[in-house]
Structure formats: C-alpha cells, structure tokens
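Asks: Got a structure for you, questions after.
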Amino acid sequence: MYSVILKTATKYLTPLMLLFAFFLLLRGHNEPGGGFVGGLVAAAAYALMVISYGVKTARKELKYAPLSFIILGLSIALISGIPALLVSETYFTGLWTEMKFPVIGKLGTPLIFDIGVFFLVIGITTKIIFTLAEEDQE
Amino acid sequence: MIIMLAILVGVLYAAGIYMLLRRSIVKILLGLLFLGHAANLLIFTVGKLTKGKPAFVPEGGELVEPFADPLPQALILTAIVIGFGVQAFAIVLFKRAYQTVNSDDIDKLNSTDSLERG
Amino acid sequence: MDLLLLLPVLLPFAGGIVLLILKNHQKSQLYGNAVVSLFSLIVAVGLFSAIYDKGIYSVQLGGWEAPFGITFVADLLGSVMVLITAIIGFTTSIYSLASVDDERVKYGYYPLIQFLLMGINGAFLTGDIFNLYVWFEVMLISSFVLLSLGGTREQLEGAIKYVTLNLLSSAFFLAAIGIIYGLAGTLNMADLAVKFSAIENEGMVTVVAMLLFIAFGIKSAVFPLFFWLPASYHTPPAAVSAIFAGLLTKVGVYALFRVFTLLFTSNTEYTHTILLFVAGFTMLSGVLGAAAQNDFRRILSFHIISQIGYMIMGLALYSPLAIAGGIFYIIHHIIVKTNLFFISGYVNKIKGSYELKKVGGLYKVYPWLGFLFLIPAMSLAGIPPLSGFWAKFTVAKAGLELESFMIVGVSLLVGLLTLFSMTKIWNEAFWTDSPKDAPEDVKPGVFTKISMLTPVIILVVITITIGLYAEPFFNFSVRAADQLLNSGEYINTVLGGGS
C-alpha cells in the first residue's frame, strides 16, 4: 500500500506520539497515565510506521531489537525494588523524595518501575506487531 | 445502568460460549476474546458503579460518600494487560496452525487424539 | 527472612532475564540455567527448613498492610511445593543439557523454563487470590510458548487445545474473582476466610466455589474437564512434558486444596460431595483411557489424570488423615511422574520412537534402565514398600475410617488397573523382542548418558527414600494437613501484620 498522505502524516505524528508517550510515562505515578499506556502509545507510533513504511524501516527506526527492550524493561522493573531493601524495608516498598518537581510531582521508586513497564510494553508490542507484519509480507 | 451492564455481560458470555462451540478456529478465537471481555465487565459491574465520583481524594480534601472504588478498575486493567498478551499469542498460534494444517476446521485437528499415529 | 520468602520468585525472574541476555551464547545458557536452578534449590531448602522450624511466615509486599496490599505467605504446604518445584526444576535443567535441541535453545527455551518456574513458585506463595490469577497467567503463557516451540503439526494441534481450554478456565477464574470481590469486598485469602464465614448469602458462596472448582478443575485436569491434557502433553520434547506433567496440573490441585480448606468450608456437605464424585470419575476415566493407549507418553498422560483423582479424593474426604494423604500423594506423584517422563525420553533417544509397538527388547540390552523404570512404575501403581503405596494406603485408610467404601473400592480398582498399564509398558518396551523392522538402536554418548540419567537416578533415590523412610514424610503431611484444616494460624499470621 502506498499513500503519500499517510507517509507524510506519519513523519509528523511519530515524534509527537513518542513525546506524548513520554509525557504519559512521567505523570503516571500522580495522575492518569503510566508506563503501560505510555508504552502502548510509543508502540503505536512504530505500528503506524509499519503500516506506512513497512517493517524494515520501522525496525531500523527502533534501532535496537524488540527483545533488547524487553530485557531492559524487565531488568529495570526488577531493580526498582532493590532500593527498598537497602533501607531494610520490604521489597518493592515505594520510596519517595521529599522535594516536589514541577509537572511530574514527587519522584520515587514506583517511577523506576513504571519506566521498566514502559520499555517492556514497547518491546513486547513491537515484537508482536513486527512478527505479524513480517509474516503477512512473506 | 447496572441492569444494562448485566445484560451486556450475559450477552457477551452467551456469544462467547456459542462461538467457542463453533468448528472454525477463528470463531473460537473470537469466543475467547468475548469471554475475556465479559469477565472484565463483570468485575466492573460487581465493583459497584458510581457516576462522577472521585476514586482518589486530593490531599487535604474530604472523603465524599459514595466514592468510586479504584480496586475493580485496577483489577480490570491488570486483567486486560494479561488478556492482551495471551490473546496476541493465541492469534499468532492459531495463524501458524492454520498455515501448517491448511484448514481452519477444528475437526481436522485430531491427529493428537487418534490412537494410531503416522 | 523477608527476602528468603520472595527469592523463590525473584531468583528465577532474575535468572530468566540473565538467560535472555545470553541469548546468543548457547553454551553459557545451558550451564547458566543449571546454576540458577541450583541456587533456586538452595533457596527452596532454606525456605522449607525455616518454615518447618518456625511455622507460617508472611510478607506484605511493598509495605502495604494486609488486606490491602499483596501478601506473600508460606505455610508447610506452600513451602514443600516450592521445594519440590525446585527439585524438579533442577533435575529438568540437567536433563535438558543433552535432550533439548539447539533450535529450541535459540528461541528462548531456558528463559521460558525459568519464567515458568517463577509463575509456579508465585502461585504457591501468594496469599491473594487475584495475585494467584496473575501467577497462573505467568505460568500459562510460558507453558503455551514451551509447548508450541518447534512448531510441528502435532505440537500446534495440541497447543490449540491446551490454549483454548486454559484460556476458558482463566475466564472462569476471573469471573469468580469478580463475584468474590462483590460479595466480600476483599481479595486477600486470609481476610476472605474471615469474611466468608459472616456472609449470609450462602448460595452465592457456593456458586463462587463451583466457579473456582471449574477454573482449577480445568487446570488440574479432573473429570470431565481433562481433555486438553492427553491431547497435548505428549507432543513437546520429553524435558518439557516432564516438567509439565510433574508441576502444572499440581498447581491446580494446590489451588483446590487452598480454597477448599481455607475459604469454602461452610457447606462441605454439598461442595465436597461433588468433589468426591469428581475424584472417583477422574480416577476411573484416567486409568481406562490409559488402558487403550499404545504410546509411552500418552499412557503416562492418562495416568496423570487418574492420579489427580486420588489427590482430589483426599481433599474431598476432608478429614485430617485424608488431607494428609492428599498432600503425601502430591509429593510422591510429582517425583514419580516426572521421572517416568524422563525415562520415556531416554527410551525415545535410544529407539527413536514413543510408540510401544516400535520399541522392544530394552531389558536385554539395558537391564539397569529396566530397573530404573521399574521403581517409579511400581511406585505409581502402589506396590509396597515404595512411596506410592504409602500415599494410596493413607488415602484409602482415611476413606475406610469415614466409611466411604465406594470410593475406596474405586481407588483400589484403579490401583490394579494402573499396575496393568505399567506392566503393559514393561512388556512392550522392555520384555518382548525388538520388532524386526525397527531401526538400529542409537547409542547415546557419555555426555548424553550422564545428563539424561543423573536426574532419573536422583528421582529414583528420592522415591525409594520416601518409600523406606515414610514416617517423617507422613508426619510432615499430617502437620501440613493440620495447618490447612485449622486455618487460624494462617489467618493470624497474614492479618496480624506478619513481619
């Protein structure tokens, strides 16, 4: 399928979507949003790229293999529980900074966990989309 | 509203079970999707519907009765995420099976159940 | 101690991630998996001995007090299940060294095994029913992929049946959780046990009980919900079907034991009678199904079903001795069944087939293999003094004490028929001559021999030990059953702050 409109639109939409995904991720621990939604929006940007430019381009734009994102996400999620152990709390206890930041509010270990989820969702979703799209093109 | 949702859940269950009993693997897949949605909506409904009430109370704010229960929504979100992963896998699996067996008729998928195997 | 309770879950998780990173280094994956499994085993032993000495222990994950947060709790049953899971995980990792092909390793066989073990351990240790659902799904999705890795026609067909019925069971489970939350307003199992006894709408509680029974029944393959099992368990490689056969259905059985001793105890007249009937039919249909089969692993698959019947029978009779028998049976069964699947894989390695008609004359060439097979096979059939005898004996004795002669009769008959099936395998595979058109035997190399037979020998030794020194194991089962039936300690530990 070749569509000039879609291709042009994708060019402008992709960065916007990625930015929005990042925004969702950062506000997730205080307001509606979060790693999962953010990850899905980011993956949707690549899905759009698959539709308009094909899998090869999308893979190139993603830079690293989806599996690397999965590994990164899982490791970050696993590590996010460790700070709590260092102050001898139960694993996964949320630790928060006292200071408030503009827009995103307090920072804490749940945000780290959310970042892990974010990458994991990007990895898994793009993996599924790429696999399905590649099979279709064969 | 609750009655509407209850009926919807019932219809989804009925449709899901009906689809599961079909012979085409695509319909079975749809049946599984329906059942998943039905279960999610069921949790949503039994968690008591509250309209326009906050689930979170802002700092220093007062608790207003009735407030929305955030837990069913959290449960559904988890269930949706899990369902998403499992169903995506099921779609790929069913597609592979279709390519290998070259038929979407579940009655043709009986080689693992027959006594004599090739 | 807090960390010790979480490690059976965290360790396989971390191990799985590391193995994913090592994706392109096959050799390091092989041994990495064995090392992770060994650590898991050490942790499981530590956890078990701690729980054995000090009683039930619970952790509130993330510091949220029960019943609001997610609780992890280990009692005797949970910790012994974790221990056996670790033993099976370790033996499977040795067995996989030589028996799993490179293609599967390339597609992530080892990380998947670790994620599977994580899901299983999570299910054994969680104290929250929604969390149980999540662990079930973790376990299921890993098993889906493990089952279909390889993508032969047989595997895909088996996987479709397995996936469809297990997703159906998940939908039931989820619906039951929804209704439970609507009824009691909590999902923490200890809290539920307290709240359920105060609920007036008893009919609804029974509905939930039956919904959960169907959900767990599909997963533990009871009559009439077992059809996915014999259709799928013989399709993947021996290592995979061994770990499935040993552990997956038993997670369902464990869940049944948990909910039907902790939550649904008010109307046992009704619920446990249904369980008893189901137990009887499960035993019979499983063993009769096995009698018709001619494939090594399909016979064993059907026997899983009939053995599940004994465990459910222990639960259904619902006396301290019966529950103890059920627990003893689970312990014995996991060890023996995994072992038989290991042996079937080794036979396949030599003869190139699982079909009994194409296999023969093994005893003449490999008498020691015959011996290794005979021990778990006779134990499965319940020949004294092996572990299966004590398990069957305890359950049957409990049945006699309660004067449920019918079910005891069925269980004894099924034991006899089990013996028939085992002698069939013995005759066809070991005793009779090899068929004339059979291909030449493959002589396994030294490495293959060590890798595939060490686990078998370990498990045979455990079987003999349980058989000859049954008393400590039996006393342990009685203690675990006592803990299940008097749920006060469990509830107090979870709700009383725990840590």
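The values are calculated or read from the model by the stated rules, or taken from the named source; none is laboratory data. On a predicted model such as this, the values are computed, not experimentally measured, just so you know. Counting neighbours? That spans all protein chains shown, and the Cβs are built from the backbone with ideal geometry, glycine included.
The rows are residues; the columns are (1) free of Cβ contacts under 8 Å to residues at least 60 places away in the same chain; (2) more than 23 Å from the chain's Cα centre (by Cα); (3) within 9 Å of chain B (Cβ to nearest Cβ); (4) part of a loop (DSSP other than H, G, I, E, B).
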| position | (1), (2), (3), (4) |
| --- | --- |
| C:Gly158 | no, no, yes, no |
| C:Lys161 | no, no, yes, no |
| C:Leu165 | no, no, no, no |
| C:Phe172 | yes, no, yes, no |
| C:Leu192 | no, yes, no, no |
| C:Ala198 | yes, yes, no, yes |
| C:Gly203 | yes, yes, no, no |
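Asks: Looking for something more than 30 Å from C:Met1 (Cβ to Cβ), outside any helix (DSSP H, G or I) and either at pLDDT 90 or above or small (Gly, Ala, Ser) (or both) - is there at least one such residue anywhere in the range A:15-28?
Replies: There is at least one residue in the range A:15-28 that is more than 30 Å from C:Met1 (Cβ to Cβ), outside any helix (DSSP H, G or I) and either at pLDDT 90 or above or small (Gly, Ala, Ser) (or both).
Asks: Tell me, which helices (runs of 4 or more DSSP H) lie completely within the range C:1-112 with 1 or more residues that are modelled with pLDDT of 90 or more?
Replies: C:2-21, C:26-54, C:76-99
Asks: Tell me, please, whether a residue that is out of contact with any Pro (no Cβ under 8 Å at 6 or more places or on another chain), hydroxyl-bearing (Ser, Thr, Tyr) and in contact (Cβ under 8 Å) with a residue 60 or more places away in the chain can be found in the range C:58-78.
Replies: yes
Asks: Find all pairs meeting these conditions: Cβ atoms under 7 angstrom apart; at least six residues apart or on different chains; first residue within the range C:461-478 and over 17 Å from C:Tyr52 (Cβ atoms); second residue of a type in the set (Gly, Ala, Ser).
Replies: C:Thr463/C:Ser379; C:Thr463/C:Ser387; C:Gly467/C:Ser379; C:Gly467/C:Ser387
Asks: Give the number of residues within the range C:417-442 that are free of Cβ contacts under 8 Å to residues at least 12 places away in the same chain and closer than 26 Å to C:Thr338 by Cα.
Replies: 2
Asks: Then there's this: Condition check: surrounded by 14 or more Cβ atoms within 10 Å (Cβ to Cβ), touching a helix residue (DSSP H, G or I) at 6+ places or on another chain (Cβ under 8 Å), closer than 21 Å to A:Gly116 by Cα and not aliphatic (A, V, I, L, M). Does A:Gly54 satisfy that?
Replies: No; evaluated as a whole, the condition is false for this residue.
Asks: Would you check if C:Ser411 is touching a Gly at 6+ places or on another chain (Cβ under 8 Å) and modelled with pLDDT under 85?
Replies: no
Asks: Right, something else. Output the residues belonging to the range C:306-334 that are touching a Ser or Thr at 6+ places or on another chain (Cβ under 6 Å) and either of a type outside the set (Phe, Trp, Tyr) or under 15 Å from C:Phe227 (Cα atoms) (or both).
Replies: Within the range C:306-334, C:Ile308, C:Gly309, C:Ala324, C:Gly325, C:Ile327, C:His332 qualify.
Asks: Can you pull out every residue in the range B:26-40 that is more than 7 Å from every other protein chain (Cβ to nearest Cβ) and within 15 Å of B:Phe94 (Cβ to Cβ)?
Replies: The answer is B:Val26, B:Lys27, B:Leu29, B:Leu30, B:Gly31, B:Leu33.
Asks: While we're looking at this one, here's another question. Can you name the residue in the range C:86-123 that is of a type in the set (Ser, Thr, Tyr) and over 23 Å from C:Ile462 (Cβ atoms) and is also surrounded by the most Cβ atoms within 10 Å (Cβ to Cβ) among such residues?
Replies: Step by step, filter the range C:86-123, then rank; the result is C:Tyr110.
Asks: Inside the range C:206-312, counting only helices (runs of 4 or more DSSP H) that do not spill past its ends, which hold 3 or more residues that are closer than 20 Å to C:Ile323 by Cα, out of contact with any strand residue (DSSP E or B) (no Cβ under 7 Å at 6 or more places or on another chain) and in contact (Cβ under 8 Å) with a residue 24 or more places away in the chain?
Replies: Of the helices (runs of 4 or more DSSP H) lying wholly inside the range C:206-312, those with at least 3 residues that are closer than 20 Å to C:Ile323 by Cα, out of contact with any strand residue (DSSP E or B) (no Cβ under 7 Å at 6 or more places or on another chain) and in contact (Cβ under 8 Å) with a residue 24 or more places away in the chain span C:249-262, C:268-291.
Asks: Moving on to the next point. Any idea how many residues of the range C:275-322 are within 16 Å of the chain's Cα centre (by Cα), small (Gly, Ala, Ser) and more than 25 Å from C:Asn348 (Cβ to Cβ)?
Replies: Count: 2.
Asks: Residue under question is A:Gly33, and the condition is that it be in a helix (DSSP H, G or I), of a type outside the set (A, V, I, L, M, F, W, C) and closer than 21 Å to B:Val81 by Cα; does it hold?
Replies: Against the criterion (in a helix (DSSP H, G or I), of a type outside the set (A, V, I, L, M, F, W, C) and closer than 21 Å to B:Val81 by Cα), A:Gly33 does not qualify.
Asks: Consider the range B:1-57. How many of its residues are surrounded by 13 or more Cβ atoms within 10 Å (Cβ to Cβ), part of a helix (DSSP H, G or I) and hydrophobic (A, V, I, L, M, F, W, C)?
Replies: Residues that pass the stated criteria total 25.
Asks: Examine the range B:83-100 for a residue that is more than 8 Å from every other protein chain (Cβ to nearest Cβ), free of Cβ contacts under 8 Å to residues at least 12 places away in the same chain and among the charged types (D, E, K, R), and state whether such a residue exists.
Replies: So far as the range B:83-100 goes, no, none of its residues is more than 8 Å from every other protein chain (Cβ to nearest Cβ), free of Cβ contacts under 8 Å to residues at least 12 places away in the same chain and among the charged types (D, E, K, R).
Asks: Another question, then. Which helices (runs of 4 or more DSSP H) sit wholly inside the range C:392-499 and have at least 1 residues that are under 22 Å from the mean Cα position of the chain (by Cα) and closer than 30 Å to C:Asp191 by Cα?
Replies: C:470-485
Asks: Output yes when any residue across the range A:48-65 is within 19 Å of the chain's Cα centre (by Cα), of a type outside the set (S, T, N, Q) and within 12 Å of chain C (Cβ to nearest Cβ), and no when none is.
Replies: Yes: one or more hits.
For every residue, the table says whether it meets (1) of a type outside the set (Ser, Thr, Tyr); (2) in contact with a helix residue (DSSP H, G or I) (Cβ under 8 Å, 6 or more places away or on another chain); (3) surrounded by 14 or more Cβ atoms within 10 Å (Cβ to Cβ); (4) over 24 Å from C:Leu321 (Cα atoms).
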{"residue": "C:Lys358", "(1), (2), (3), (4)": "yes, yes, yes, yes"}
{"residue": "C:Leu362", "(1), (2), (3), (4)": "yes, yes, yes, yes"}
{"residue": "C:Tyr366", "(1), (2), (3), (4)": "no, yes, yes, yes"}
{"residue": "C:Leu374", "(1), (2), (3), (4)": "yes, yes, yes, yes"}
{"residue": "C:Thr394", "(1), (2), (3), (4)": "no, yes, yes, no"}
{"residue": "C:Gly409", "(1), (2), (3), (4)": "yes, no, no, no"}
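Asks: Find the residue count for the range C:174-187, including only residues that are β-branched (Val, Ile, Thr), surrounded by fewer than 24 Cβ atoms within 10 Å (Cβ to Cβ) and more than 8 Å from chain B (Cβ to nearest Cβ).
Replies: 1
Asks: Within the range C:5-59, count every residue that is surrounded by fewer than 16 Cβ atoms within 10 Å (Cβ to Cβ), within 11 Å of chain A (Cβ to nearest Cβ) and closer than 22 Å to C:Gln483 by Cβ.
Replies: Final tally of qualifying residues: 0.
Asks: What is the residue count in the range B:61-82 for residues that are under 13 Å from B:Gly47 (Cα atoms) and within 10 Å of chain C (Cβ to nearest Cβ)?
Replies: The total comes to 6.
Asks: Still on this structure, please answer the following. Name the one entry in A:Thr125, A:Thr131, A:Thr90, A:Thr97 that is free of Cβ contacts under 8 Å to residues at least 12 places away in the same chain and crowded, with 21+ Cβ neighbours inside 10 Å.
Replies: A:Thr90
Asks: Tell me, which residue of the range C:226-243 that is away from chain B (no Cβ under 14 Å) and buried (at least 24 other Cβ atoms within 10 Å of the Cβ) is farthest from C:Leu77 (Cα to Cα)?
Replies: For the range C:226-243, the residue satisfying everything is C:Ala238.
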